[in-house]
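Notes to accompany the following structure.
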Amino acid sequence: MSLSPMTLPLTGPQMELSDHIQTSQVENVRVTCPLMPPITGTLCVSSHHLLLSALPEGDEDHDGERLELWLLHRAVDSVEKSVQNIVRFRSKEIVEGSEGKTGSGSITLKCKDLRVIQLEIPSMEATLNIARSVQALSSLDSISLAYPFFFRPQRHRLGEGWPRDTTENFFLKIKAEALLHCSKSQAGSARHRCEKDEALLDAALLGQLPGFIIHTGPSNNAKQVTSEEEGAERQAGYWRVLHRPLERGRALQDSLVRLVSACYEPALEINRWLSKLQASRWMSHVKEALGAAGLTAECMERKGGCVLVQGKEGTDTTLLVTSLTQLILSPDCRTFDGFQDLIERDWLQAGHPFQLRCAHSGWSQSRAQHEAPLFLLFLDCCWQVARQFPFALEFSEKLLCILAEHAYSSEYGTFLCNNEKERCLYEVQDRTHSLWVFLNDNKKQLKLLNPMYEQNPLVIWPSVEPQSLQLWAGFFLQYLLPHEHTILARKRMVEIIKTSQEPLDNSQISQS
């Protein structure tokens with residue numbers, strides 16, 4: 001397989017993408033990636049990937065086998081460049097045509113999964129061209145040009161795994177809970193009631209008393225919300241309004257940016273690191289999200305009530321709370337398959353706008369209001385639950401990291417678009433592959449399961465006390481800390497569990 005993207009005929013959308021490629025190939029590029037030795041080789045820019053083919057440095061036993069690094073342009077969150085121009089002189093005159101072709105440069109690619117990749121390029125002109133190309137190809141707005149529409153993995157057929165289940169079957173599974181969510185209601189003050197909303201709320205009670213409305217909007221709207229709900233929703237039946245404000249937009253994105261900055265700032269002493277971690281307020285968001293979910297679960301489980309979780313648009317903090325509530329209450333949602341159903345049902349089909357919310361990760365300085373790491377916050381909360389209840393979840397931390405990565409950039413179409421309407425418009429199910437098929441491959445699934453899992457039919461109640469919550473190092477520090485100890489620990493754990501499950505032979509029984 002040739003690494004040069006220009007050796008293949010380009011047609012249609014690929015020609016449109018190739019217009020952004022100013023330099024397609026550069027030799028002798030040195031690449032430094034986290035947790036691996038530097039490599040030097042040929043760098044190519046294709047329509048969707050940055051490719052590097054190289055021999056390992058200082059390795060005499062490689063037998064001519066080349067290493068390949070593939071990076072999706074869409075996985076790049078930030079591009080930083082630096083150039084050094086060394087102009088050659090001859091008789092105090094600039095050699096004709098030497099401008100830009102002398103010198104060298106470096107490019108720092110900060111990725112959405114928090115990797116930092118350094119490229120050292122022996123040409124100033126190539127440095128500038130590569131940087132401009134990657135910047136343009138990593139920030140395309142067109143959904144139809146996204147890589148999932150071109151990705152064709154072996155052994156998989158288009159349409160396989162779509163749909164995961166019907167909407168009707170998804171909601172039949174949680175019918176008994178009557179856990180509801182919605183956007184801000186149309187009810188006004190006590191003098192301006194909305195009879196249609198009141199009728200819906202009355203019908204939602206289904207004979208369960210009392211009903212609870214948990215409002216997740218900003219705290220500065222609490223008084224307004226309370227007066228509005230008292231004027232209409234309380235009069236609609238036996239509903240009690242509770243206010244649990246959760247950040248959902250710019251504030252949450254800024255919190256992620258501050259957290260990533262703290263994690264990657266070099267040589268911080270411990271007190272300053274802890275101060276920056278606290279100042280980011282990310283752990284406060286984790287606590288507030290888990291607290292709101294715990295309150296919702298308590299209203300349902302201990303008070304036997306029907307709960308309506310309400311937010312501004314009904315597709316952000318409401319989904320965060322309802323999905324975490326189901327993880328707390330439902331043993332089925334803690335299984336490998338059930339957790340995928342939960343994400344499909346409560347995030348994808350419910351209309352969380354992944355294309356907008358996950359446009360950038362923690363490196364970008366974009367100030368767009370529509371960006372917010374709500375799904376990443378959900379996955380962090382799931383990790384906190386898994387850490388507090390190590391036997392309760394069938395899936396491992398690795399699955400959570402993979403889902404975070406694919407939500408921001410993916411070869412698969414599962415997280416494309418902002419809602420089901422857009423996915424139908426772009427024919428995502430017919431033209432792209434499903435991430436769930438990849439995750440449910442037998443070999444892949446074995447690596448994503450929790451070897452300590454034991455089915456627990458009970459409700460699990462996570463603690464939100466400061467000493468109970470920790471930074472999710474497995475994601476936020478995954479490219480800063482070595483993985484060998486965790487790999488060995490998991491391997492040893494699997495061996496111990498496997499041994500303990502093997503039946504004893506007669507000699508072992510007599511010895512015991």
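The numbers here are math on the coordinates, done by the rules we state, and not lab data. What you see is a predicted model, and the numbers here were worked out from it, not measured in a lab. Quick reminder, even Gly has a Cβ in these numbers, built from the backbone with ideal geometry, and neighbours come from all protein chains shown.
Some notes on this structure:
- Label-point separation, N271 to K303 (7 Å along Cα→Cβ), nm: 4.4
- The slack between L158 and D141, meaning 0.36 nm per residue of separation minus the straight C-alpha distance, is 3.7 nm.
- Gain on full extension, evaluated as 0.36 nm per residue between S284 and E80 minus their Cα-Cα distance, stands at 70.4 nm.
- Using θ = phi - 60° and Karplus 6.51 cos²θ - 1.76 cosθ + 1.60, couplings along region 437-451 (whole Hz; Gly, Pro as x): 4, 4, 6, 8, 4, 3, 5, 5, 4, 4, 7, 9, 8, 8, x
- Long-range HN-HN contacts of H215 with modeled amide H, under 5 Å: L242, H243, R244, Q310
- Built amide H within the under 5 Å cut-off of L67, gap 5+: A54, L55
- Here the simple spin-label model places points 7 Å from the Cα toward Cβ, and for H485 and E427 these points are separated by 5.2 nm.
- The charge dipole of region 358-433, taken about its Cα centre with unit charges on the Cβ atoms of Lys, Arg (+1), Asp and Glu (-1) only, comes to about 160 debye.
- As a calculated quantity, the FRET efficiency between R240 and E465 at R0 = 25 Å, using C-beta atoms, amounts to about 0.45.
- Calculated from backbone phi, Karplus (6.51, -1.76, 1.60) coupling profile of region 400-409 in Hz, x at Gly/Pro: 4, 5, 5, 5, 4, 4, 6, 5, 8, 7
- Residue ranges 160-169, 416-425 sort as 416-425, 160-169 when ordered by packing (mean number of other C-beta atoms within 10 Å per residue, highest first).
- Taking amide hydrogens as placed 1.01 Å from N in the peptide plane, the amide H of W239 sits under 5 Å from those of G211, each at least 5 positions away in sequence or on another chain.
- This model, with +1 at the C-beta of Lys and Arg and -1 at the C-beta of Asp and Glu, gives region 315-444 a dipole about its Cα centre of some 240 debye.
- Calculated FRET value between S500 and F389, using beta carbons and R₀ = 22 Å, to 0.05: 0.60
- The phi torsions of region 370-385, fed into the Karplus equation with coefficients 6.51, -1.76 and 1.60 and a -60° offset, translate into couplings of 7, 8, 6, x, 5, 5, 4, 4, 4, 5, 4, 4, 4, 5, 4, 5 Hz, rounded to whole numbers, with Gly and Pro shown as x.
- Computing FRET efficiency as 1/(1 + (r/R0)^6) for R492 and D197, where r is the C-beta to C-beta distance and R0 is 41 Å, gives about 0.15.
- Sorting the segments 433-441, 36-44 by their mean number of nearby beta carbons within 10 angstrom, highest to lowest, gives 433-441, 36-44.
- Distance in nm between pseudo-label sites at E313 and W70 (7 Å out along the Cβ direction from Cα): 3.3
- Projecting the Cα atoms of T318, A289, C299 onto the charge dipole of region 268-375 (Cβ charges, centred on the Cα centre) puts A289 farthest toward the positive pole.
- Peptides 462-468, 361-367, 310-316, 152-158 ranked from most to least packed, by the mean per-residue count of other Cβ atoms within 10 Å: 310-316, 361-367, 462-468, 152-158.
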